[in-house]
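Here is the structure we will look at.
The values are calculated or read from the model by the stated rules, or taken from the named source; none is laboratory data. Small disclaimer: the values here were computed from a predicted structure and weren't measured. Cβ placement follows ideal geometry from the backbone for every residue including glycine, while neighbour counts extend to all protein chains displayed. Accessible surface is based on the protein model in full, side chains and every heavy atom, while ligands, DNA and RNA are left aside. Shrake-Rupley method; radii C 1.70, N 1.55, O 1.52, S 1.80 Å.
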Amino acid sequence: MDLHFVLSAALLGTGLAMDAFSVSVANGLSESRMPRRRVIAMAAIFAAFQFAMPLIGWALVHALVGYFRFVERFVPFIALVLLCYIGGKMIYDCLTREAPSQQAVQHIGYRVLLLQGVATSIDALSVGFTIEQYSFWQALCCAAIIAAVTLVLCYGGARLGARFCTAFRRAELVGGSILILIGFEIFLKAVFFSA
């Protein structure tokens, strides 16, 4: 493992983590007073998915190449549905909730974080194709670097979102809208740039 390998994996991780970073900002907007341990847990969930997905993709390429190529077509649809569901629910909750008191805080549950983790990392399955020539240990190191980059970016994203939350009366609307836009961005990228 040389410097070129580490830098390539870090750049790959940065690119893959952009969706998770954006979702972290949206989460920070929605829950500005999220405790530090939950911010760390959120970033760790996203990092764990970004760690696992490239390895799953790598394993599928080596074991079931034809099947994985068939399933890969549905990845953008899955991400779109998950992110639109989560974002739409955030917007619906914000619009239907009675005027909250100053003490009321939107709480993003771990079930939602897990769904967000899947939605933002599912495209990382495709990374298995780009690293298929790696040995298992190289793929493992690459996935670990991707996860570390994701952890740092998502932690920073949630904190950034929380700082800007005070500027918005209805930050949840913004956060939900961001999630829906990310879903469409993943979908449109796959449709227009994979052809």
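Considering only residues that are charged (D, E, K, R) and in contact (Cβ under 8 Å) with a residue 60 or more places away in the chain, which ones fall in segment 111-152?
Start the filter on segment 111-152 by keeping residues that are charged (D, E, K, R), which leaves 111, 123, 132.
The answer is ASP123, GLU132.
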Q) Which members of segment 1-40 meet the condition of being at pLDDT below 85, within 24 Å of CYS141 (Cα to Cα) and crowded, with 18+ Cβ neighbours inside 10 Å? A) LEU12, GLY13, LEU16, ALA17, ASP19
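For segment 149-158, which residues satisfy the criterion of being buried (at least 17 other Cβ atoms within 10 Å of the Cβ) and not polar (S, T, N, Q)?
Narrowing segment 149-158 to residues buried (at least 17 other Cβ atoms within 10 Å of the Cβ): 149-151, 153-155, 157-158.
Hits for segment 149-158 are VAL149, LEU151, LEU153, CYS154, TYR155, GLY157, ALA158.
Please work out if ARG69 is among the basic types (Lys, Arg), open to solvent by 80 Å² or more (accessible area, probe 1.4 Å) and at pLDDT 85 or above.
Details: among the basic types (Lys, Arg): yes; open to solvent by 80 Å² or more (accessible area, probe 1.4 Å): yes; at pLDDT 85 or above: no.
Answer is no for this residue.
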Q | All positions within segment 50-59 that are closer than 14 Å to ASP123 by Cβ and surrounded by fewer than 21 Cβ atoms within 10 Å (Cβ to Cβ) | A | ALA52, ILE56
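When the residues of segment 109-144 are filtered to those that are closer than 16 Å to VAL23 by Cα and small (Gly, Ala, Ser), which remaining residue is modelled with the highest pLDDT?
The residue in question is GLY117.
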Q.
Out of the residues in segment 87-106 meeting the condition of being part of a loop (DSSP other than H, G, I, E, B) and charged (D, E, K, R), tell me which one is modelled with the lowest pLDDT.
A. GLU98
